[in-house]
Each structure stands twice: as C-alpha cells, then as structure tokens.
1. When only residues in segment 1-38 that are surrounded by fewer than 16 Cβ atoms within 10 Å (Cβ to Cβ) and among the charged types (D, E, K, R) count, which is nearest to Asn71 (Cα to Cα)?
2. What pairs can you find where one residue is in segment 156-171 and within 18 Å of Gly130 (Cβ to Cβ), the other is surrounded by 19 or more Cβ atoms within 10 Å (Cβ to Cβ) and of a type in the set (D, E, K, R), and their Cβ atoms are less than 7 Å apart, with a gap of 6+ or different chains?
3. Filter segment 145-193 down to the residues that are loosely packed, with under 15 Cβ neighbours inside 10 Å, hydroxyl-bearing (Ser, Thr, Tyr) and modelled with pLDDT under 90 and list them by number.
4. Thr50 versus (1) over 28 Å from Ser232 (Cβ atoms); (2) part of a loop (DSSP other than H, G, I, E, B); (3) modelled with pLDDT of 75 or more: which is the lone unmet condition?
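The values are calculated or read from the model by the stated rules, or taken from the named source; none is laboratory data. Computed from a predicted model, the values in this text were never measured in an experiment. Neighbour counts are summed over all protein chains in view; Cβ atoms, including those assigned to glycine, are modelled from backbone coordinates with ideal geometry.
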Amino acid sequence: MLWRDDVTGASIALVRFQPGTGIPSRHAHASNQFMFCLRGRYTYVPTGLTLTEGSFYWNPKGSVHGPTRPNRRRCCWRSMTARTTPTQPDWYTAPTTPADEEPHAKKEIVSAALAVPNGHFAQATVATPGRLVFISGMTARMRGGRHRRRGRHRADPSVCQNLKAAIEAAGGTLDDIARVDVYVRDIADFDAIHAVRRQYFTGLAPASTWSRSPASSTRSTSSRSNAIGVLS
C-alpha cells in the first residue's frame, strides 16, 4: 500500500501479480477505481480487454468486472480508489509477506475452457522461481539393473518410486514435481497407472502428457516416465 486515508478509505496501491494468479471472480468497488499498468499484460477474461504497459483504465463506481489474469511472468499496476469495497471478497486475504518474498509453491492452473482431467493430473501447474530438476525417463529398473516383476498389473509402482528417489536425491519431494510425461506400450493401462500415481502424488497432481510409444518400452517394462521438478 503506497498511501491510504483511514478516514475516507481512499488509497493508492502498487499491485504485483505472481505467475498463475489473478482476480478469480466478478466484483465491484464502492468508488471509482483508476489503474495504470506499469509492466506486463493484464486481461479482463469475459471481454478479452487487455491492458499493456502504459495503459490507463477506469472501473466506474459499482461497475461489476472480472475475473482477470496477468498474461506474462509478472504483471505490475498501480490502483487508486476513493473508498474501499463495501464488503471484502471471499477470495481476498491480506498478504503476510511481500510478493517478492513468497515461499516456493506449486499451484494448479484451472481453465473453464478445458475439459476436466480424466486422470490424476492437472490441466497445468505453475511454480514460483526456484531450481529446476530434470528427471530422465524412469522405468521399473532397479538399482542393480534388473527390472522388478510387474505381477498381474502392468502399472508398476516402481516407476513412481524411482521418480521419488530422484527428486529426493535433489533435495525435494514428489510435491515439487510440476510435470510428468508418460510413455506406454499399451494405452489400456491408463486407469491402472493413474491409480498407482494417486498413491504417490497425494498432494496437488502434476501436469502430465500421456503418449503411446512402443519404441520407448522394452520386453521388461511397459511404461517410462520423465519429470520436471522445481525446488525452492
């Protein structure tokens, strides 16, 4: 907050949006709101109106607007209002730390324009800046080089176990994995593999791509997974 009059509620604020954030719902203000975009791009989703660097915008008193989202890595704008909103939106919480000091976290991105995931994965994920971990394609191959026997199911938990071992060796956990790509011999294994994945990725599911690729499998394994993790 750059300036605020506690008597009238008038304020001037500098707002920074982190990747994957935005205003999630329609809302209105009890006074005129004036905005000047300092950096990035900021879109009003219902209309497609996009503010760019140097844009000035006015939301009249009582005008219902939103949801909105920034279109680049980080968007920054200055907002001036004569009074605060009559009621605080349920999605608003006062920040406990400055935007540039937010702890590392993986967040799920959800779009109403996309189908609901039919397995244990997210439409997309975003992670705040950190160290990237690139995990090579993992199969059920054990430390000694031999492959574990799959039993009656082709969905081998050893693949997830090996992903877990790799990310932990880098100092992270499975919750730090933002993306998993899966290559399978038989597309019919989809449900079984996702059932196993739910046992390991118990938090926010990673983004994921599923592909049938017989060439990526061998007689000893029916699937292979590589992953990308982001560590704080």
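1. The qualifying residue nearest to Asn71 (Cα to Cα) is Arg26.
2. Hits for this filter: Ile167/Asp176.
3. Selection gives nothing.
4. (2)
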